[in-house]
Amino acid sequence: MFSNKMSKAMLSAVLGTMLLVTGCGGGGTNAGTSTEGGNAAAPAPATGKKVINIGLKADPPSMDPNSSTSLYDRQVYASLYDKLFDIDADGKVVPMLAESYEVTPDGKTYTLKLKQGVKFHDGTDFDAEAVKFNFERNMTSEKSRRKGELKFVDSVSVVDAQTVKIQMKEPFAPFLSVLTDRAGIIVSPKAVQEHGDQYLNHPVGTGPFTFVEQVKGDHVTLKKNENYWNGSVKVDEVNYKVFTNGTAKVQNLRSGMLDIIDDTPVKEIPVVKGDANLQLIAESGLGFQGIYLNNSRAPFDNKFLRQAVDHAIDREAIVKVLYNGYAAPAHTAFSKGSLAYNEQLNTPVAPNADEIKNLLAQGGKPDGFGFKLYISTSPENEQLGAVLQNMLKQYNINVTLEKLEYGQLIETGDKGEFDALQLGWSGRLDPDLNIHDFVVTGAPNNNGRIANPQLDELILKARGELDEAKRKALYDEAAKLLQDEAGYAYMYHQYVLLGMNKKVTGFTFVPDGIIRTATMDKQ
């Protein structure tokens with residue numbers, strides 16, 4: 001729990017921040033190609049067209065799943081591409097472009113039978129050669145962000161046109177879960193070969209919609225795939241519109257200019273719930289939000305100072321004050337529903353002033369210290385930054401906030417040019433996909449530059465463990481060690497808060513929070 005004094009202080013910070021940011025927007029990731037911050041009304045559908053307009057919180061940086069690291073890319077991918085496997089409404093892994101599969105008892109050989117009669121948007125065939133091409137591209141291309149996910153794949157061979165054999169170097173428990181995401185997306189080999197590095201501007205998949213255009217910072221437009229293999233597509237167009245201002249996004253949902261929004265600001269939930277034309281879908285998510293503390297440079301190359309910041313965050317207060325209970329306090333990467341969830345390890349502990357003072361002294365900063373925290377430009381993230389700033393100030397930890405567009409935030413994390421940086425993860429079903437790439441030494445999303453051999457050993461061992469009870473025990477040990485290292489300060493597990501016009505039909509909620517449009521219609 002948190003004191004009344006603390007609650008009032010944080011509420012003041014939030015209210016002050018809201019006054020500063022109301023009506024503010026922010027451009028897209030590419031200067032010169034964005035519109036007025038993505039807060040204008042979404043384009044109205046042309047006469048006679050049935051269009052679904054979806055509001056996104058940030059600009060999708062890349063239409064190429066090979067290099068993608070963004071949740072907002074994944075929202076578009078659900079309409080543009082298909083995957084070898086998908087997740088169903090119950091959170092189970094199910095075949096998609098794969099018809100069926102077999103795994104040897106030792107977990108080292110996967111044989112996939114592929115769907116027949118599937119074509120890419122460019123008219124070329126989806127077949128075993130295309131699958132092999134995509135695996136090899138993801139495993140070897142210079143800019144690939146999929147290498148870590150596929151590092152245990154030894155070889156991919158074509159048995160026949162509809163059969164692929166995947167040989168693993170060693171057992172890898174999360175493999176099928178990996179193939180429900182970007183590593184399992186199959187893109188057109190012909191399009192990649194024709195466009196090379198510019199493929200991201202000419203994406204070609206097998207999905208229910210085909211690419212029309214992307215205007216950075218404003219929108220991505222897709223049109224109906226007339227020859228979709230998995231049933232008739234009912235709408236003519238899907239338009240993804242960037243709205244960095246959540247209030248403006250809700251206003252456009254209410255006016256009918258948007259049909260769905262990917263994230264409803266908590267303060268706007270009563271507005272959405274009170275509108276007879278709208279519905280709110282509020283479900284616990286798989287991901288986490290927190291702060292990367294850069295272990296590779298001062299001040300956070302000092303473990304005690306990392307611990308001081310981590311211990312000064314009042315997670316329960318953040319959830320109550322900022323999210324009105326539409327989130328869960330977090331101190332590990334694993335949310336409820338995960339194989340690795342541990343309620344005791346996730347239970348928040350209120351900050352202890354004497355303990356924090358002692359940590360500062362052990363870190364050589366008895367009088368406190370300061371650091372710069374990078375946050376994204378959305379009003380909700382600015383509010384979070386202001387609350388964190390206020391929380392830490394009372395312990396003489398002074399936070400300077402600097403705002404970056406979402407794409408710039410990702411680039412800054414990749415380069416390691418920061419003290420602290422607020423970025424989270426949308427979450428995946430398998431525990432490995434929520435921890436390995438973020439904390440193992442040299443992993444692609446380890447922006448905090450965490451390097452702990454014991455932690456690496458635990459997580460790598462868990463990857464190859466096929467017994468679920470043994471896997472969970474390994475993740476418990478890893479979570480405890482990670483809490484002690486404080487290389488990443490987990491704060492909360494977010495909820496999926498979709499706003500939707502009731503005229504939209506055919507929607508099914510899937511636990512990964514991705515909006516699947518293939519079966520949608522609009523009255």
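Considering only Cα atoms, the convex hull volume of the stretch 331-392 works out to 138 Å³ per residue.
As an exercise, use a Förster radius of 35 Å and the Cβ-Cβ distance of Gln523 and Asn324 to find the FRET efficiency, rounded to the nearest 0.05.
With R0 = 35 Å, the Cβ-Cβ based efficiency is 0.65.
Rg and Dmax over the alpha-carbon atoms of the stretch 206-317 stand at 20.7, 59 Å. With 0.36 nm allotted per residue and the present C-alpha distance subtracted, the Asn277-Glu226 stretch has 15.3 nm of extension available. Need one number: the % of Cα-Cα pairs in the stretch 85-192 sitting beyond the 24 Å mark. It works out to 18 percent of all Cα pairs. In the chain, the DSSP-assigned H stretches of four residues or longer account for a calculated mean residue ellipticity at 222 nm of -9000 deg cm²/dmol, using -39500 (n - 2.57) per stretch and the full residue count as denominator. A simple packing score, the average count of other Cβ atoms within 10 Å per residue, orders the peptides 236-244, 390-398 as 236-244, 390-398, with the highest score first. Expressed per residue, the C-alpha convex hull volume of the chain stands at 138 Å³.
Applying a length cut-off of 24 Å (Cα extent along the axis) and a mean Kyte-Doolittle floor of 0.0 to the DSSP H helices of the chain leaves 4-21.
To the nearest 0.05, what FRET efficiency results for Asp301 and Asp484 with a Förster distance of 25 Å applied to their C-beta separation? If you can, show how the numbers build up before the last one.
Values: r = 16 Å, r/R0 = 0.63.
Computed FRET efficiency for Asp301 and Asp484 comes out at 0.95.
Using the Cβ-Cβ distance between His202 and Val349 with R0 = 56 Å, the FRET efficiency computed as 1/(1 + (r/R0)^6) comes to roughly 0.65. Counting other Cβ atoms within 10 Å of each Cβ, which trypsin sites (Lys or Arg not before Pro) in the stretch 313-347 have at most 15 and sit in a DSSP loop? Filter output for the stretch 313-347: Lys336.
Note on the stretch 110-144 and the stretch 297-373: Cα centroid distance 43 Å, given to the nearest whole angstrom.
Placing pseudo-labels 7 Å out from each Cα toward the beta carbon at Asn358 and Ser157 gives an inter-label distance of 6.0 nm. The slack in the chain from Asn342 to Asp367, taken as 0.36 nm per residue of separation less the alpha-carbon distance, amounts to 5.5 nm.
Give me Leu200, Leu433 ranked fewest to most by other Cβ atoms within 10 Å of their Cβ, as a rough exposure proxy.
Numbers: Leu200 18, Leu433 21.
By the 10 Å Cβ count, ascending, the order reads Leu200, Leu433.
When the chain is fully extended, how far beyond the present Cα-Cα distance does Val212 get from Ala451, taking 0.36 nm per residue of separation?
Details: separation 239, 0.36 × 239 = 86.04 nm, distance 4.30 nm.
My answer for the length gained is 81.7 nm.
Structure note, pairs Lys147/Lys216; Lys92/Lys143; Lys132/Lys169; Lys216/Lys273; Lys216/Lys249; Lys50/Lys115: Cα-Cα distances above 20 angstrom occur for Lys147/Lys216; Lys92/Lys143; Lys216/Lys273; Lys50/Lys115.
Computed from the coordinates by the stated procedures, all read-outs in this text should not be read as laboratory data. All values derive from a computational prediction rather than experimental measurement. As a convention, Cβ positions derive from the backbone with ideal geometry for all residues, glycine included, and neighbour counts pool all protein chains shown.
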